[in-house]
Amino acid sequence: MAFIGTTLLVFLAVFALPGDPIQALAGDSGLGEAAERALREKYNLDQPILVQYWYYVTGLAQGNFGVTVGGEQVGTILARAWPITLQLAVTAWLLEIVLGVGLGTLAALRPGGILDRFVLGATVLSLAVPTFVFAFFMQQILAIQLDWFPVAGVSQGWPVAYILPALCLAALGFGPVARLTRTSVLSTVSADFVTTARSKGITPMRLNTQHVLRNALVPVVTYLGLDLGGLLGGSVVIEGIFNIPGVGGQLFSGISSQQGTIVVGIVSALVIVAIVINLLVELVHRLLDPRIATND
């Protein structure tokens, strides 16, 4: 139901936008009446909007994400752009885990210390500064002035060309991850089962890894799992700033050129990815906290 509802809303919103993709394809020269009628029949644009959606969904069930008015398969566009966005999103996600979970945990284990105050200040800054402002600033300083990273593009491959844009993308999720980790660890440290384990003489390393972190990371894993889907779909701005030809760039191009099929096809793929990620998060939950499976 989530898939149908999301794709239907996007489909209706995209094809309700002003403009005509057939006319956009023709440009100033225009098309003959017969040619225009043939194109509309070919792409079902002469049908009511709900009928068009039905044709789209039935094709999607067969693995067909649609065809652009230029005749290119949307699946081909996704196959070309998806690996680039996946590398960018996963790199940003790993940076979020290392920086957010790591610093959030260290800050919680020494509350009120210098590191704790630094992490709280950094999270406020990451939430306050817009992503595109931070991205332009980092690009200007680290890429243009210091020449540590490529200014744009992915020609130098992973990881050189992906670290800077991934860092800018990860900055968006660093604040929530670090704060959630800190709050969860602080709450778990004061729990009764941790106090009991500490009274039994368990070493601090074992206490923190087997008792504190395992229980404290359950809500963090939920957020990180959902955030991965958000990173996959939310990299439009970063891909535009760094001229990365990924899914975000194709989505922006589809919107600007009124290619509704591209927009709906990419959104449908992202919805499928989000659903799969939610299922994986649920499985990881059961591994981290067996009580979830017991309660079921």
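Every read-out reported here was derived from the displayed coordinates using simple, explicitly stated rules and does not represent laboratory data. The structure presented is a predicted model; accordingly, all values stated were derived computationally and were not measured. Methodologically, a virtual Cβ is constructed for each residue, glycine included, from the backbone with ideal geometry; neighbour enumeration extends over all protein chains shown.
Rounded to whole numbers, the Karplus 3J(HN,Hα) couplings from phi for the range 138-151 are 5, 5, 5, 7, 7, 9, 7, 7, 8, 6, 7, 9, x, 5 Hz, using 6.51 cos²θ - 1.76 cosθ + 1.60 with θ = phi - 60°, and x at Gly and Pro. Across the range 71-79, computed HN-Hα scalar couplings (Karplus, 6.51 cos²θ - 1.76 cosθ + 1.60, θ = phi - 60°) run x, 8, 5, 5, x, 5, 5, 5, 4 Hz from first to last residue, x flagging Gly and Pro. As an exercise, take the mean of 1/r over every pair of distinct alpha carbons in the chain, invert it, and state the Kirkwood radius in angstroms. The Cα-based Kirkwood calculation yields 21.9 Å.
Rounded to the nearest 500, what is the chain's calculated 222 nm mean residue ellipticity when only DSSP H runs of at least 4 contribute -39500 (n - 2.57) each, over all residues?
Values: 15 runs with 206 residues, N = 296.
The helix contribution divided over the chain gives -22500 deg cm²/dmol.
For V67, nonlocal amide neighbours, meaning residues 5 or more places apart or on other chains whose placed amide H falls under 5 Å from its own, are V74.
Taking amide H atoms as placed 1.01 Å from N in the peptide plane, the amide H of L45 has no partner under 5 Å among residues 5 or more positions away or on other chains.
Note down the Stokes-Einstein diffusion coefficient of the range 208-281 in µm²/s, whole number, using a Kirkwood radius over alpha carbon pairs, 20 °C, and 1.002 mPa s. Answer, rounded: 153 µm²/s.
Take the Cα gyration tensor of the range 68-177, multiply each eigenvalue by 5, square-root it, and list the three semi-axes largest first, rounded to whole angstrom.
Numbers: eigenvalues 205, 57, 32 Å².
The answer is 32, 17, 13 Å, longest axis first.
Over all other residues within a Cβ to Cβ distance under 14 Å of S190, the charged ones net out to +1, with Lys and Arg as +1 and Asp and Glu as -1. The Kirkwood radius of the range 168-251, taken over pairs of alpha-carbon atoms, gives through the Stokes-Einstein law at 37 °C and 0.692 mPa s a diffusion coefficient of 219 µm² s⁻¹. Across the chain, C-alpha contacts under 8 Å between residues 6 or more apart give a mean separation that, scaled by the residue count, equals a relative contact order of 26 percent. Derived scalar couplings between HN and Hα for the range 247-254 equal 5, x, x, 5, 5, 4, 5, x Hz in order, rounded to whole Hz, by the Karplus curve 6.51 cos²θ - 1.76 cosθ + 1.60 (θ = phi - 60°), x for Gly and Pro.
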